[in-house]
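Data first, discussion second: the structure below is written as structure tokens.
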Amino acid sequence: MDTLVATHLLKTAAAVRLLGAEAVITGIRPEVAQTIVHLGVDLGDVITRATMAEGLSYGFGKLGIKAVQE
């Protein structure tokens with residue numbers, strides 16, 4: 001990941017907000033997270049979760065949907 005990719009992520013999240021939704025970024029590997037920090041990219045306004053399951057759980061919670069596993 002470089003600054004160009006990080007910039008595109010932030011711009012995509014901003015565009016999603018303009019459409020009235022909220023972006024959730026999931027599955028960032030530890031080495032990518034370290035690169036983002038070293039690049040000085042601020043993801044403070046972007047919701048992040050470690051896994052897709054956690055991201056879906058977050059989204060479902062915002063919608064008031066309870067997911068159960070059978």
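Remark: pairs (first residue in the range 9-29, more than 15 Å from Asp45 (Cβ to Cβ); second residue polar (S, T, N, Q); Cβ separation under 8 Å; 6+ apart in sequence or on different chains) = Thr26/Thr48; Thr26/Thr51; Gly27/Thr51; Ile28/Thr48. Name every residue in the range 1-32 that is under 19 Å from Thr51 (Cβ atoms) and surrounded by 12 or more Cβ atoms within 10 Å (Cβ to Cβ), in order of residue number. Met1, Leu9, Ala13, Glu22, Ala23, Val24, Ile25, Thr26, Gly27, Ile28, Val32 - these are the residues of the range 1-32 that are under 19 Å from Thr51 (Cβ atoms) and surrounded by 12 or more Cβ atoms within 10 Å (Cβ to Cβ). Say we look at the range 10-50 and pick out the residues that are of a type in the set (D, E, K, R) and assigned to a helix (DSSP H, G or I); which of these is nearest to Gly61 (Cα to Cα)? Going through the qualifying residues, I end up with Arg17. Looking across the range 17-70, the residues that are over 24 Å from Asp2 (Cβ atoms) and acidic (Asp, Glu) come down to Glu22, Glu54, Glu70. Is there any pair linking a residue in the range 59-70 that is in a loop (DSSP other than H, G, I, E, B) to one that is among the small types (Gly, Ala, Ser) and surrounded by 10 or more Cβ atoms within 10 Å (Cβ to Cβ), with Cβ under 8 Å and at least six apart or on different chains, and which? Every condition considered, the pairs that remain are Ala67/Ser57.
For the range 46-61, the count of residues that are surrounded by 11 or more Cβ atoms within 10 Å (Cβ to Cβ), modelled with pLDDT under 90 and not hydroxyl-bearing (Ser, Thr, Tyr) is at least one.
The values are calculated or read from the model by the stated rules, or taken from the named source; none is laboratory data. This is a predicted model, so every value here is computed, not measured. All Cβ positions, even for glycine, are placed from backbone atoms using ideal geometry, and neighbour counts span all protein chains on display.
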